[in-house]
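Notes to accompany the following structure.
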Amino acid sequence: MKNRLLLILFLFPLSLAAQQTTDWQDYLQRVATFDDTDAETMERTYDALTELQQSPIDINHATREDLERLVFLSDQQIEDLCAYLYHYAPLKSLGELAMVESLDPERRQLLQQFVYVADEPATRHFPSLHNILKYGRNDLMLTAKIPFYKRQGDDDGYLGYPYRHDLRYTFSYGNYVKAGFVGAQDAGEPFFANRNKGGYDHYSFFLLLRQMGSLKTLALGHYRLNFGMGLVMNTDFQLGKQTTMMSLSRNRQALRAHSSRTEADYLQGAAATVRLTDALDITLFASCRPIDATLTADSTAIATIVTTGYHRTQSEMDKKHNSTQTTTGGNISFRQNGWHIGATALYSRLDKPLQPNTNTLYRRYYARGNNFWNVSTDYGYTSRRITFSGETATGDCHALATINSLSIRLNEQLTAIALQRFYSYQYYALYARSFSDGGHVQNESGIYASLVWQPTRQLLLSAYTDYAYAPWARYGISKPSHAWDYCLSAAYTQGSFAIDARYRLRRRQHDNDDNTALITYNEHRARLTLAWQTATLSLHTQADAALRQGRHGWMVSQRAQTAIGSRLKLHASLAYFNTDDYDTRLYLYERGMTYSFSFPAFYGQGIRYAAMAQAAISSGLTLNARIATTNYFDRPTIGTGLQQIDRSSATDLEVQLRWKF
């Protein structure tokens, strides 16, 4: 049976043929690592990049700030692009990007999905209201996910029906205006019922204006912010450890509309970035928004802030918007001749005091109280050879956090990167998100070092090692502990053929069974990807393997993409997985609906197959449909609790209708 499945796995794409070009989603999953990235962060990433694809950058007249919006580019690559454009613009075609030596083939192909070549300079001043209304674009999208199975909670437990759906409307005019709303509903949540009398469980309304003279950006409604290196404020996104490292040292003052369906890590109110001089910007923001929380027994305090966004059961619904968080602050940034320095300050207040259970050892120094403040300074220097950047922060915790990175291009082929961070176990910041091994800007010191070598234009080799030390207890670790992370990767591209190989070793510690000592365990993960693209077919063949403490897992998968004429695109994927347990689970990238990202994890033994069709009904109307099935061979049921499915297979259908007018 297994041999027959594997034979089908590698033969089924050969039946497809037509016109196809690989798009940005395929290139992104090849250059980024998602294994240590949460689902909500991935969704925000795809939301931002999809938005950018809808309004691509004019490469001939792009500013540094425009290029810094492309998170997958390193500072050196941005510097080289700016230098090349300064000397050789205007470009006649995107093929000239191959002359930028620091751009490896995969990132160059990814970059081409978000830029275009314009002969005439783009309008650099804010358009008139008449032109905005006349030439602005409307985008209306409806998406639904329909399960062909029943969960335990669908009969008794969930307040709503088993369908997930959302409604998204966006009005845009180039990069100048973006406005709209998102209504989102998770499976099991009530719709026009219970506390959701207004329909959807979650709404996000937003208005974003750019380049209004000295007013660089204005955001109203729901928005996200990122200052410095994220020690005080980062509600934006990241792409895994290695890709984040490439762009983390960038001095970003990002102000974006929150236009995704995720219900956490956003602000609600107003924010504005003003250009005081050519070198000096100031950003001010104010936010007041309801948050979900688990309250203490007497309902007078917050035990934990809940960020899942689920309101399917009465217990989850009782946590919805039962607290309020008010936040104000600002950032000032000076940048000139490659140097930058900035300062960030924020104040946040909860209407109920935060009182985590500090009797649990690892929660001893969690944030607590009603009022919180943080301040930081960020600094750095960028040139074609050297990039240095850092941020140091403190707050009402009276503890310190600092992160500093240095990147040196030793020659045209070799770049060395080093990063140091120290996050006191007493430091906390409610909106912090930065480079870390443990997932938090708290209780961690570490050193990261990497080398990126491009011996030829076709071959890119990279390696990193990261050591992290936690001086205080962590979840599942009752004593000071340390961790090592090693990774080797290689990418080779030649014409229509590409091969990517990656190996990662993580050494971790955790308590033994009686909590008297720490046990060190090793986790090995490897991936090999072969990609082949011609004028008629695009294929991706992938093998994954995991090994942890004698337990192992492996998976082989195949993806194929094609198009029939100019109106129909087809995607298909097939995977067989076999793992010993959840700790050896493996991840699989799949093509998802527009504005969504599919990167499910699998463990046990089974097969996963999915097919998707994208049909252009008319010039402005598109219908997408995707069906996916997971069939397990080693269990009679799937999931536990209210999510349990009393069968060994599960099939979902997703349908999306999009109207551009």
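The values are calculated or read from the model by the stated rules, or taken from the named source; none is laboratory data. Small disclaimer: the values here were computed from a predicted structure and weren't measured. Positions of Cβ are generated from backbone atoms using ideal geometry, with glycine treated the same way; all protein chains shown enter the neighbour counts. The area values use the complete protein model at the heavy-atom level, side chains included, leaving out ligands, DNA and RNA. Shrake-Rupley method; radii C 1.70, N 1.55, O 1.52, S 1.80 Å.
Applying a threshold of 6 Å to beta carbon distances and a minimum spacing of six or more residues, or different chains, the list of pairs starting in segment 269-290 at a residue that is open to solvent by less than 40 Å² (accessible area, probe 1.4 Å) and ending at one that is among the basic types (Lys, Arg) reads 273/216; 279/335; 281/275. If you scan segment 155-171, which residues turn out to be more than 23 Å from the chain's Cα centre (by Cα) and either in contact (Cβ under 8 Å) with a residue 60 or more places away in the chain or within 16 Å of residue 661 (Cα to Cα) (or both)? Answer for segment 155-171, where residues must be more than 23 Å from the chain's Cα centre (by Cα) and either in contact (Cβ under 8 Å) with a residue 60 or more places away in the chain or within 16 Å of residue 661 (Cα to Cα) (or both): 157, 158, 159, 160, 171. Count of segment 47-67 residues, restricted to those that are buried (at least 17 other Cβ atoms within 10 Å of the Cβ) and not in a helix (DSSP H, G or I), is 3.
Pairs linking a residue in segment 400-429 that is under 16 Å from residue 80 (Cβ atoms) and at pLDDT below 95 to a residue that is open to solvent by 60 Å² or more (accessible area, probe 1.4 Å) and in a loop (DSSP other than H, G, I, E, B), with Cβ atoms under 8 Å and 6 or more positions apart or on different chains, are 408/385; 409/384; 409/385; 412/101. The set of residues from segment 159-193 being more than 30 Å from residue 125 (Cα to Cα) and either in contact with an Asp or Glu (Cβ under 6 Å, 6 or more places away or on another chain) or part of a strand (DSSP E or B) (or both) comprises 160, 162, 164, 165, 166, 167, 183, 184, 185, 189, 193. Just one residue in the set 507, 525 is within 27 Å of residue 441 (Cβ to Cβ) and in contact with a Lys or Arg (Cβ under 7 Å, 6 or more places away or on another chain); that residue is 525. Just wondering, is there one or more residues in segment 115-131 that are touching a residue at least 60 places away in the same chain (Cβ under 8 Å) and within 27 Å of residue 489 (Cβ to Cβ)? Checked segment 115-131: no residue is touching a residue at least 60 places away in the same chain (Cβ under 8 Å) and within 27 Å of residue 489 (Cβ to Cβ). Within segment 361-386, restricting attention to residues that are modelled with pLDDT of 90 or more and assigned to a loop (DSSP other than H, G, I, E, B), the residue that is least open to solvent (accessible area, probe 1.4 Å) is 367. Counting only residues that are within 21 Å of residue 598 (Cα to Cα) and open to solvent by 20 Å² or more (accessible area, probe 1.4 Å), segment 540-558 holds 5 of them. Just one residue in the set 111, 70, 103, 81 is within 15 Å of residue 454 (Cβ to Cβ), open to solvent by less than 10 Å² (accessible area, probe 1.4 Å) and either among the hydroxyl-bearing types (Ser, Thr, Tyr) or touching a residue at least 12 places away in the same chain (Cβ under 8 Å) (or both); that residue is 103.
The residue list 437, 485, 466 contains one member that is acidic (Asp, Glu), touching a residue at least 40 places away in the same chain (Cβ under 8 Å) and in contact with a Phe, Trp or Tyr (Cβ under 7 Å, 6 or more places away or on another chain), which is 466.
The criterion of at least 2 residues that are at pLDDT 95 or above and touching a Phe, Trp or Tyr at 6+ places or on another chain (Cβ under 8 Å) is met, among strands (runs of 3 or more DSSP E) falling completely within segment 245-298, by 267-275, 280-295. Within segment 134-145, at least one residue is in a loop (DSSP other than H, G, I, E, B), over 23 Å from the mean Cα position of the chain (by Cα) and not aromatic (Phe, Trp, Tyr).
For segment 403-417, does any single residue satisfy the condition of being acidic (Asp, Glu) and more than 13 Å from residue 228 (Cβ to Cβ)? Within segment 403-417, one or more residues are acidic (Asp, Glu) and more than 13 Å from residue 228 (Cβ to Cβ).
Restricted to segment 441-481, and to residues there that are at pLDDT 95 or above, open to solvent by 50 Å² or more (accessible area, probe 1.4 Å) and in contact with a Gly (Cβ under 9 Å, 6 or more places away or on another chain), the residue that is nearest to residue 527 (Cα to Cα) is 467. Scanning segment 621-661 for residues that are small (Gly, Ala, Ser) and not in a strand (DSSP E or B) yields a count of 3. A count restricted to segment 407-426 and to residues that are farther than 18 Å from residue 440 by Cβ and crowded, with 18+ Cβ neighbours inside 10 Å stands at 4.
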